[in-house]
1. Note down the relative contact order for the chain as a percent, whole number, built from C-alpha pairs under 8 angstrom at least six residues apart.
2. When the helix-only estimate is applied to the chain (DSSP H runs of n ≥ 4, each -39,500 (n - 2.57), divided by the residue count), what is the mean residue ellipticity at 222 nm, nearest 500 deg cm²/dmol?
3. For the chain, which whole-number percentage of the solvent-accessible area (1.4 Å probe, protein heavy atoms only) is attributable to carbon and sulfur atoms?
4. Calculate the radius of gyration of the Cα atoms of the chain to one decimal place, then report Dmax, the largest Cα-Cα distance, as a whole number, both in Å.
5. Pop out the Kirkwood hydrodynamic radius of segment 1-155 from its pairwise C-alpha distances, inverse of mean 1/r, in Å to one decimal.
6. Largest first, what is the accessible-area ranking of VAL237, VAL39 with a 1.4 Å probe?
7. Between SER6 and LEU178, with labels modelled 7 Å along Cα→Cβ, what's the label distance in nm to one decimal, could you check?
8. Given the whole protein assembly as supplied and a 1.4 Å probe, what does the accessible area of PHE57 come to in Å², nearest 10?
Amino acid sequence: MLEVLSVTLPIFILIGAGFVARRFGATTAADIQSLGRFVIRFALPALIFNSLAQRPFAEVADARYLAAYALGSLAVFAAMFALAWAFDPGDRARCAIQALGSSCSNSGFVGYPIALLFVGPRAAVAVALTMVIENVVVMPLALALAESAGRSDKRSAARGRRLLGRLARNPLIIAITLGAATSFAGVALPAPLARAISMLAAASGAVALFAVGGMLVGLEVGGVSRDAARIVAGKLVLLPAAVFAAQLALAPALEPDLRRSMLILASSPTLSIFPLLGRQYGQERVCAATVMMATGLSFLTMSALLLLL
């Protein structure tokens, strides 16, 4: 148990430090937003690029991992969409956003730092593979369903093109593409450039966790706790179980470090940009409450998972 706490406590101490700094005015909302942008646009892409570019392509393109994580994520998305529909039939956008909250993890900000401490550098490959599923499969599916609610075919097609354009410009997707291409080509970067990218990548973990803490300030749970609790239960319990079952079915011989990383990433809380995604569909309050509840409860659930691992 002490070994587990030695992994999880530093993570949540950093989250707490970000919360306290923002709550008592040492940082502003703009500061936290800037830190988040730095992680998403620079530090995390550098980390992902490095983790892929420095490994043989056979390790990077692990179809078993991709298939298992995709199956588990899509199964949870479908189940939570159906459950949300049962509570409020007809509101497709609401159901899609709530299903997204249960099937997409905070892989970069919370999952990766914990996996890195528990598993080691191999966790970065798992993060990249997980982000392929989240950013190329699950999130586009959710947004496409949400956008199609009450839209004409022409407007839906235009929004679909814009969504593809945003994906093509996403720094994480670009990093995954360039890293995989570099690995495939077997090209070694010049030493000064490789060192600069490594320095940038090293900043991702601590800055990401501090930013998550700052983002929690001001979030409210009142009035939407039932919906948020349902999403959180799906995220912290159902998704890890579904991914574990899919891994046993499709990739029973998966490398142990990747298997452990997969479960840690699946068990991490809801992605931190969830309220931003939900805002345009009138779901910002339930999304904000979900992030707050999931991040707090994940200390217990992730500690329990690490103890089992």
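The values are calculated or read from the model by the stated rules, or taken from the named source; none is laboratory data. Given the structure is predicted, the values throughout are model-derived calculations rather than measurements. As a convention, Cβ positions derive from the backbone with ideal geometry for all residues, glycine included, and neighbour counts pool all protein chains shown. Accessible surface areas use protein heavy atoms only, side chains included; no ligands, DNA or RNA. Shrake-Rupley method; radii C 1.70, N 1.55, O 1.52, S 1.80 Å.
1. 34
2. Per the formula, -23500 deg cm²/dmol.
3. The computed percentage sits at 68.
4. So, for the chain, Rg and Dmax equal 18.6, 57 Å respectively.
5. Computed over segment 1-155, the radius equals 18.0 Å.
6. From most accessible down to least: VAL237, VAL39.
7. 3.7
8. That residue has around 80 Å² of solvent-accessible surface.
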